[in-house]
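We did not get these values from a lab; they are worked out from the coordinates using the rules stated. Quantities reported herein were computed from a predicted structural model and do not represent experimental measurements. In this analysis, Cβ positions are derived from the backbone assuming ideal geometry, glycine residues included, and neighbour counts consider all displayed protein chains.
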Amino acid sequence: MQSFTLKSRSKFWPKCPLDWGVFTVTLVLMPTIYMHEMFTVRPTVWRNAPFFSNFVIYGGLFVFLNIVANFVGLVVTDTRVPDKVMSTVKQSPHWKYCDLCISYVPPRAWHCKVCKVCILKRDHHCLFAGCCVGHFNSRFFIMYLVYVCIGTLYCVISDSIFLINKVDLRFPSVVLKIGFPAFAYLSGVETFTNECFILLFIINLAAFIFVCVLLRFHVRIILNGQVTYDVKSSSSNYDYGKMENVKEVLGCRWYVAWAFPLVSSPLPRSGLEWDTSEEWKLKRQRVTEKSK
Ligand SMILES: [Zn+2]
Ligand SMILES: [Zn+2]
């Protein structure tokens, strides 16, 4: 089996104002929410449960480090079609021509108008990371979603208990406090600090729902050996079976790859050549026949 080492790109900052805005908000929110949960919510909510409070400290740190490290991996990993393989000559029957790169590119590579380059096994352009999700960084993308999902679920539960004890949530003032936080503060209905706590709860709840939907979609297409483009065009030409499809994203050591992004888990392919499902089945049959 070949293994392919990950390369980092030198210019990884977002390319357009929208990406910059979403990227900055994401960078600010991740540590803000972590600090709020650890140093404000946890000591209040779990003060009578020291064992669980300690579990939250270590478990929270593990989840937070995974969120940050997977985000960094997603942003800095180079998943572009390498310049050296860009060619005006078709290198293989499956390769196709990109009008914008003026070059032949591998199958499953698509051009991103924001990144202004073709991306290997391109899935989509991620606003939060300001880059494309493709062959080499899809592992970090999916694990980022998994850990954000776990983190925000915990935050929603602990924030709910925290707010019930701290804020008067009786009707009708609660509508004002949640729906119009600035007005609630300016009219003296609620304090500024409590409105900030309510706002963080709303952000966590919205992030949890959004990430759950996204995670469900991406887990389904990973298991089917698809990328977002394949769903749009209703094709599944690269479905190698669920186990192989998981390896194409998490790598050959998928069973430990989830633990941390620095755990080595080489991908089975370079991203330049892809067998179709039929070709892959034939290759497998030949290997099985030879081994008999
Ligand atoms: Zn291109
Ligand atoms: Zn892109």
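Most exposed first by the Cβ proxy, i.e. fewest other Cβ within 10 Å, how do V105, V175 rank?
Taking fewest neighbouring Cβ atoms as first place, the list is V175, V105.
So which lysines pass the test for K7, namely a Cα distance under 17 Å, with those fewer than 8 places away in the same chain ruled out?
K84, K121
May I ask you to compute the full-extension gain from H94 to I164, defined as 0.36 nm times their residue separation minus their alpha-carbon distance, rounded to one decimal in nm?
19.3 nm
Would you kindly state how much longer the chain becomes between R47 and S8 on full extension, computed as 0.36 nm times their sequence separation minus their alpha carbon distance, in nm to one decimal?
Here the segment from R47 to S8 would lengthen by 9.7 nm.
Fewest to most neighbouring Cβ within 10 Å: what's the order for L214, L282?
Lowest to highest Cβ neighbour count: L282, L214.
How would T88, T26, T191 line up from fewest to most surrounding beta-carbon atoms within 10 angstrom?
Ordered by Cβ neighbours within 10 Å, fewest first: T88, T191, T26.
Grab the eigenvalues of the alpha-carbon gyration tensor for the stretch 17-291, scale each by 5, take roots, and send me the semi-axes largest first in whole angstrom.
Square roots of five times the eigenvalues give 44, 22, 15 Å.
Once you put a point 7 Å from the Cα of E289 and another 7 Å from the Cα of S187, both along the Cβ direction, what distance in nm separates them?
It works out to 7.8 nm between the two label points.
Under a straight-distance cross-link criterion of Cα-Cα below 27 Å, which lysines are reachable from K177, leaving out those fewer than 8 residues away in the same chain?
Straight-distance partners of K177: K166.
Please list, or write none, the lysines whose alpha carbon is within less than 21 Å of the alpha carbon of K290, excluding same-chain residues fewer than 8 places away.
List returned: K281.
Per residue of the chain, what 222 nm ellipticity follows from adding -39500 (n - 2.57) for every DSSP H run with n ≥ 4, rounded to the nearest 500?
-17500 deg cm²/dmol
Which residue fluctuates most in the GNM of the chain (Cα springs below 10 Å): G151, G60, G179?
G179
Among I164, P17, V146, whose Cα sits farthest toward the positive end of the charge dipole of the stretch 17-291 (+1 at Cβ of Lys/Arg, -1 at Cβ of Asp/Glu, about the Cα centre)?
So the residue we want is V146.
Determine the distance separating the Cα centre of the stretch 260-292 from the Cα centre of the stretch 47-70; give it in Å without decimals.
Centre-to-centre (Cα) distance: 38 Å.
Evaluate the charge dipole of the chain about its Cα centre and quote only its size in Debye, nearest 20, assuming +1 on the Cβ of each Lys and Arg and -1 on the Cβ of each Asp and Glu.
Rounded to the nearest 20 debye, it is 880 debye.
Taking springs between alpha-carbon atoms closer than 10 angstrom, which of F140, F217, F180 fluctuates most in the Gaussian network model of the chain?
The residue with the greatest mean-square fluctuation here is F180.
By how many nm would the segment from L127 to L205 lengthen if fully extended, with 0.36 nm per residue of separation less the alpha-carbon distance?
26.1 nm
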